[in-house]
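As structure tokens, the structure follows; a few thoughts come after it.
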Amino acid sequence: MGGVVLKNLQLKKYPPFTRRRPETVYETAKKCLANARQSGWRRNLNNAKMAVSLAKINPCRAQLEWYKSYCDDSDNELGYYDSFKQIVASRRDAKVNMNRIRLGCFWDDFIDKLENNHLTHDFHKLPKYVNASQFYKLLVEPLEIAEYYRKNVHMEKGHYIENGREKRFKIFDKWWRERKVGDEEGKPRSKYASLTQDSCFWARVEEARDGIYRVLGETDVGRRLVLLGKIETFEAYANGMIERKEVSVDVVAKNSSYNLFVEEWRGLKLQMKMIMPSPHFPVN
């Protein structure tokens with residue numbers, strides 16, 4: 001009798017569960033599949049919403065394109081970059097700045113959704129978004145650079161490329177490098193590009209101009225030669241881009257920051273040649 005009671009207690013204490021396990025695993029798998037389907041459905045829905053959002057934000061881009069054409073054709077011959085850098089408090093300029101901010105918010109939201117798996121994993125690889133992000137970068141990053149130097153942020157944080165460039169532009173660089181390159185991209189240009197193909201070109205101009213000022217005040221010969229080497233490297237790089245017509249017309253505008261650099265660099269080389277006569281500093 002006591003053995004029967006003990007046996008019953010043991011059964012109650014340790015109920016058999018092997019018969020329930022297949023059912024639990026099945027239910028878990030079923031829920032996982034349902035969640036996966038739901039997540040996939042949500043991502044596809046977010047993809048569609050993002051396509052609509054891109055279409056809605058395109059007028060902001062179109063207005064910036066108009067602004068660039070307006071600046072490049074202006075009688076002041078400043079060009080797109082320098083016109084925005086010298087921006088004045090007008091309704092037109094305020095609207096340009098607002099469009100710049102709205103476009104940045106759209107792409108930041110795009111990247112945030114992509115990184116948090118709210119979009120399909122390869123959504124950004126679609127040519128539509130690779131090309132749109134590249135066009136945005138070439139059109140808007142010069143304005144970001146102009147804003148950075150107009151407000152003298154570089155005086156506190158350092159130059160733009162190393163210290164001020166937004167994450168989105170670095171991501172777009174990666175997307176562009178990883179794209180499938182078409183045969184037409186290697187063809188030489190017969191006229192200047194609609195947008196300078198290096199979106200950081202103006203930041204390099206600003207660094208080179210700053211380098212000229214620093215050379216004039218530098219007393220250490222070694223550090224001076226390093227600065228001069230960096231300026232010469234940029235000069236060769238810029239000349240190559242201009243020869244290949246990979247720059248927009250605002251680069252070669254009469255009163256552009258680039259032309260100011262050319263004049264300042266020529267003057268510095270003349271000074272250096274007078275101080276240290278050497279074939280290392282030809283005056284062009």
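The values are calculated or read from the model by the stated rules, or taken from the named source; none is laboratory data. Just so we're clear, the structure is a prediction, and the values are computed from it rather than from any experiment. No Cβ is skipped: glycine too gets one built from the backbone with ideal geometry, and neighbour counts run over all protein chains shown.
Which ones in region 98-155 are of a type outside the set (Asp, Glu) and not in a helix (DSSP H, G or I)? Full working, then the answer.
Looking only at region 98-155, we keep the residues that are of a type outside the set (Asp, Glu), and these are 98-107, 110-111, 113-114, 116-121, 123-140, 142-143, 145-146, 148-155.
Correct list: Asn116, Asn117, His118, Leu119, Thr120, His121, Leu126, Lys151, Asn152, Val153.
When Ala62, Ala94, Ala48 are checked against the criterion of being assigned to a helix (DSSP H, G or I), more than 20 Å from Ala146 (Cα to Cα) and free of Cβ contacts under 8 Å to residues at least 40 places away in the same chain, a single residue qualifies: Ala48. The one condition from (1) aliphatic (A, V, I, L, M); (2) over 25 Å from Glu206 (Cβ atoms); (3) crowded, with 17+ Cβ neighbours inside 10 Å that Leu126 does not meet is (3).
Put simply, of Ser69, Ser74 the only residue that is modelled with pLDDT under 95 and among the hydroxyl-bearing types (Ser, Thr, Tyr) is Ser74. Against the numbered list (1) within 28 Å of the chain's Cα centre (by Cα); (2) touching a residue at least 24 places away in the same chain (Cβ under 8 Å), Gly211 comes up short only at (2).
Across region 154-193, the qualifying residues are those that are loosely packed, with under 15 Cβ neighbours inside 10 Å and among the small types (Gly, Ala, Ser), and the one among them that is nearest to Glu264 (Cα to Cα) is Gly158. Candidates in region 58-90 are the residues that are of a type in the set (A, V, I, L, M, F, W, C) and surrounded by fewer than 19 Cβ atoms within 10 Å (Cβ to Cβ); of these, the one that is farthest from Asp250 (Cα to Cα) is Ala89. Looking only at region 156-171, residues that are within 15 Å of Ser199 (Cα to Cα), among the basic types (Lys, Arg) and part of a helix (DSSP H, G or I) come to 3 in all.
Residues are listed down the side, and each one gets a yes or a no for (1) at pLDDT below 90; (2) surrounded by 11 or more Cβ atoms within 10 Å (Cβ to Cβ); (3) assigned to a helix (DSSP H, G or I):
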| site | (1), (2), (3) |
| --- | --- |
| Gly222 | no, no, yes |
| Glu232 | no, yes, yes |
| Asn259 | no, yes, yes |
| Glu263 | no, no, yes |
| Met272 | yes, yes, yes |
| Phe281 | yes, yes, no |
| Asn284 | yes, no, no |
